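Everything below concerns the one structure shown next.
The values are calculated or read from the model by the stated rules, or taken from the named source; none is laboratory data. Note that the structure is predicted; figures quoted are calculated from it, not measured. Here the Cβ is made from the backbone with ideal geometry for all residues, glycine too, and neighbour counts use every protein chain on show. Side chains included, ligands, DNA and RNA excluded: accessible areas come from the protein's heavy atoms. Shrake-Rupley method; radii C 1.70, N 1.55, O 1.52, S 1.80 Å.
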Amino acid sequence: MMKTTLLIGGMLMSTITFAQFSKGDHLVSGSFGLNSSAYKATTGSPADRSKGSGILLSIAGSTFSSNLVRNTVSFYVSHNVSKTNLNNPSNAYVSTGLNYGLAFSRAKLLPLAKSLYLNFPFNLSTGFTSSSVEQSGATIENRSKGFTVSAGVSAGLLYQLNKRWVLTLSLPDLASVGYSTTKFDGYVNGVLQNPSFRSNSFNLTSGIGARALGDLSVGFGYIIPRKK
């Protein structure tokens, strides 16, 4: 009994020692990314070539409902363009995509060391997607528009660098459930062709064994203290 009491007391003291945030504090964070890729086949004449580029912007605002509970609302938008079969301009394809959405998460911070926290946010998100694939010099274009909604649990680390700046590391979707619906349309000479068709899907994922290191996300946040 005494050992149990000492253990619980030690955990509480650790929490008090490590907790650096206060109820009512705000945390503003964001990220901006650019990417590009290029490919050229080593065989074939002429050698197949492709290239792509993309941009990502994410903005998030958090409020601490207690010194160890953080509620976050975020917005993201991304755009990408890829071109394939560039060795044959008359048969090259141009693909574009746009994704944007909103997300809400709630996380309890678990102190690991001074200023270092582990957390497993519960996330709710909704997003919209649109894309098109067009053949260069042709009159045919395929377009799609979709909507997704999902809920899940992710994981992350949060390290308070000083009184104002925070470093975050996150791995999305330890477990998630989601629904998506997408409508596909075909155009010829800019005229919508029939029939269009729709695809609906329900998915459930769990586990991190198949996740790549590239799924890790690093970011910075700025703390705005509560008004006294």
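Between Ser37 and Asn142, the simple spin-label model (points 7 angstrom out along Cα→Cβ) gives 1.8 nm. Computed from the Cβ-Cβ distance with R0 of 30 Å, the FRET efficiency linking Leu57 to Lys23 stands at 0.50. Rolling a 1.4 Å probe over the heavy atoms of the protein chains gives the range 52-169 an accessible area of 52 Å² per residue.
Which entries in the list Lys23/Lys114; Lys40/Lys183; Lys51/Lys183; Lys40/Lys145 go over 24 Å, if you measure between the two C-alpha atoms of each?
Over 24 Å Cα-Cα: Lys40/Lys183; Lys51/Lys183; Lys40/Lys145.
For the range 43-95 and the range 112-130, what is the separation of their Cα centres, given in Å? Value for the Cα centre distance between the two parts: 20 Å.
Near the amide H of Ala92, within less than 5 Å, lie the amide hydrogens of Ser136, all on another chain or at least 5 residues away, with H placed in the peptide plane.
Using C-alpha pairs below 8 Å separated by at least 6 residues, the relative contact order for the range 58-162 is 23 percent.
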